[in-house]
Amino acid sequence: MDLAEYQKFIKSLSGGFDDNEKEILTWGLGIAGEAGDVAGCIKKTYSHKHDQVSGVKENLDDTLWYIGAICNYYGWTLDEVIEENVEKLQKRYPENKFTFKHAKRDGKRVDWNEK
């Protein structure tokens with residue numbers, strides 16, 4: 001299944017809302033909850049020595065579902081979001097690798113999407 005098919009699949013499952021505000025709140029809070037679950041599984045695996053690596057994967061796929069639902073809500077495609085992210089990261093990391101120097105940005109906000 002490619003990203004466009006996945007996004008259509010998400011749309012077919014997520015259409016039970018009569019209230020637009022409640023819909024986007026559900027997707028936004030859902031993604032926050034799943035991201036917290038990812039963090040919790042990583043913490044338990046490494047801080048508590050209780051293997052939750054499979055939980056990381058499961059919660060990442062749930063997070064991706066919410067990302068797709070948010071994209072559907074705003075009329076974006078996952079491909080568009082990914083392409084924009086790649087462009088931003090190429091500007092942010094000109095040597096094509098993560099460095100703390102570039103991530104830090106000396107406490108200043110940088111608009112990487114600025115054309």
Every listed condition ((1) at pLDDT 95 or above; (2) in a loop (DSSP other than H, G, I, E, B); (3) surrounded by 12 or more Cβ atoms within 10 Å (Cβ to Cβ)) holds for Gly30 save (2)
Considering the stretch 37-87, residues that are under 14 Å from Ala4 (Cα atoms) and among the small types (Gly, Ala, Ser), and then whichever is farthest from the chain's Cα centre (by Cα), we arrive at Gly75
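A quick yes/no check of all residues on (1) among the aliphatic types (A, V, I, L, M); (2) free of Cβ contacts under 8 Å to residues at least 24 places away in the same chain:
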site	(1), (2)
Met1	yes, yes
Glu23	no, no
Gly30	no, no
Gly33	no, yes
His50	no, yes
Val53	yes, yes
Tyr73	no, no
Val81	yes, yes
Those residues of the stretch 40-93 that are touching a His at 6+ places or on another chain (Cβ under 8 Å) and outside any helix (DSSP H, G or I) come to a total of 1
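The values are calculated or read from the model by the stated rules, or taken from the named source; none is laboratory data. Model, not experiment: these values are computed from the prediction. When we count neighbours, we look across all protein chains shown, and the Cβ atoms used for this are built from the backbone with ideal geometry, even at glycine.
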